[in-house]
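Structure, as structure tokens:
The values are calculated or read from the model by the stated rules, or taken from the named source; none is laboratory data. Treat the numbers as computed from the prediction; the structure is a model and nothing was measured. In this analysis, Cβ positions are derived from the backbone assuming ideal geometry, glycine residues included, and neighbour counts consider all displayed protein chains. For the accessible areas, the whole protein counts, side chains as well, though only heavy atoms, and no ligand, DNA or RNA atoms are used. Shrake-Rupley method; radii C 1.70, N 1.55, O 1.52, S 1.80 Å.
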Amino acid sequence: MRMILVGPPGAGKGTQAARLLDRFKIPHISTGDMLRAAVKAGTPLGKEAEAYMNAGALVPDSVVIGMAIERIGQPDAKTGFMLDGFPRTKPQAEALDVALTKAGVSLDAVVLIKVDDAFIVERITGRRSDPDTGAIYHLTFNPPPVEIAGRVVQRQDDTAEACNARLKKYHAETAPIVPYYRDQGLLKSVDGVGSPDEVTERISQALS
Ligand code: AP5
């Protein structure tokens, strides 16, 4: 299975990817996670990306495309992958198509997790993650267990201000890839409002 999860910030892409991995046994490739790891490690790529990310802007295509295509070419992604957060511009989608065609493979599905803007700020500002395991929590909707609560952290771009900037970027630059994939017959739209279990069930149904 070669698939993409698309949706606005806070739609639940990372949450759902973690739940779907057992079923599909494919690597979860999140460009956001890769960029945050580069920032943490202080690599040249991380240094270039950090200011864009903290401001809620997109990291330039020239930086992200090479990083993502290189990752997809690694051995564990030969038989499939779940992309999360890539592509998120039309040039990224086109670059992915070129790379997959060159490799003689194609996408199976693009899942759009739809969540209205009205829900997003609360989801984003309440998000916390476990730095040890990467598990995603929410202070209200999915509170961390007591033994983990003391060590959870908040992402630097999870402020209301950066969240609004990310939403604007989503509508301006990422939403246009939705019709691109719909025209290719790959798009599966799923309602992302409801419990995480309900959303997982909807995605599973859409993919079956
Ligand atoms: P990235 O990490 O990809 O962030 P994003 O797309 O904004 O998505 P998020 O990770 O914020 O949300 P999510 O949909 O995974 O939601 P989650 O499951 O955590 O990118 C970060 C930055 O990196 C970008 O802004 C950009 O600068 C840069 N970048 C990355 N890729 C790039 C690219 N390709 N090109 C250019 N720049 C790039 O859920 C959110 C919260 O809601 C959690 O607390 C969760 O517990 C809760 N929640 C989840 N599901 C539900 C539910 N059903 N009900 C209630 N709460 C829920």
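With the crude spin-label approximation of a point 7 Å out along Cα→Cβ, what separation in nm comes out for residue 133 versus residue 67?
Here the answer is 2.6 nm between the modelled labels.
Per residue, how much accessible area does the chain show when a 1.4 Å probe rolls over the protein heavy atoms, in square angstrom? Numbers along the way, then the final one.
Working: 10380 Å² over 208 residues.
Value returned for the chain: 50 Å² of accessible area per residue.
Scan the range 69-99 for trypsin sites (Lys or Arg not before Pro) in coil per DSSP, keeping those whose Cβ has at most 13 other Cβ atoms within 10 Å, and list them by number. Kindly include the intermediate steps, with their values, before the conclusion.
Numbers: sites: 71, 78, 88; in loops: 78, 88.
Passing sites in the range 69-99 are 78.
Report the calculated FRET efficiency for residue 186 and residue 149 (r = Cβ-Cβ distance, R0 = 35 Å), to the nearest 0.05.
Details: r = 40 Å, r/R0 = 1.14.
Efficiency computed from Cβ-Cβ geometry: 0.30.
Express as a percent, rounded to the nearest 5, the fraction of DSSP beta bridges in the range 1-118 (both residues included) that run antiparallel.
Just about 0 percent of them are antiparallel.
How high is the FRET efficiency from residue 1 to residue 193, r the C-beta distance, R0 30 Å, rounded to 0.05? Write down the numbers at each step before the final one.
Working: r = 25 Å, r/R0 = 0.83.
Once the sixth-power term is evaluated, E becomes 0.75.
Gain in length, residue 142 to residue 41, computed as 0.36 nm per residue apart minus the alpha-carbon separation, to one decimal in nm? Spell out each step's value before the answer.
Values: separation 101, 0.36 × 101 = 36.36 nm, distance 2.89 nm.
Residue separation times 0.36 nm, minus the Cα-Cα distance, leaves 33.5 nm.
Hey, any idea what % of the range 102-208's accessible area is carbon plus sulfur with a 1.4 Å probe?
On the way: 3070 of 6040 Å².
Using a 1.4 Å probe with all protein chains present, the range 102-208 comes out at 51 percent carbon and sulfur.
So, with +1 on the Cβ of K and R and -1 on the Cβ of D and E, and no other charges, what is the size of the charge dipole of the range 1-82 about its Cα centre, to the nearest 20 debye?
Numbers: 10 positive and 7 negative charges, 66 e Å.
In total the dipole reaches around 320 debye.
With the Cα gyration tensor of the chain in hand, convert its eigenvalues to equivalent ellipsoid semi-axes via √(5λ) and list them largest first in whole Å.
Numbers: eigenvalues 121, 85, 61 Å².
Semi-axes from the Cα gyration tensor: 25, 21, 18 Å.
May I ask which residue of 82, 135, 113 lies farthest towards the positive end of the charge dipole of the chain, with charges of +1 (Lys, Arg) and -1 (Asp, Glu) on Cβ and the Cα centre as origin?
Value computed over the given set: 82.
Calculate, in nm to one decimal, what residue 101 and residue 159 gain on full extension: separation in residues at 0.36 nm each, minus their alpha carbon distance.
Details: separation 58, 0.36 × 58 = 20.88 nm, distance 3.89 nm.
Computed gain between residue 101 and residue 159 is 17.0 nm.
Can you list residues from other chains, or at least 5 along the same chain, whose modelled amide H is less than 5 Å from the amide H of residue 128?
Amide H to amide H, under 5 Å and 5 or more residues apart or across chains, residue 128 pairs with 137, 138, 139.
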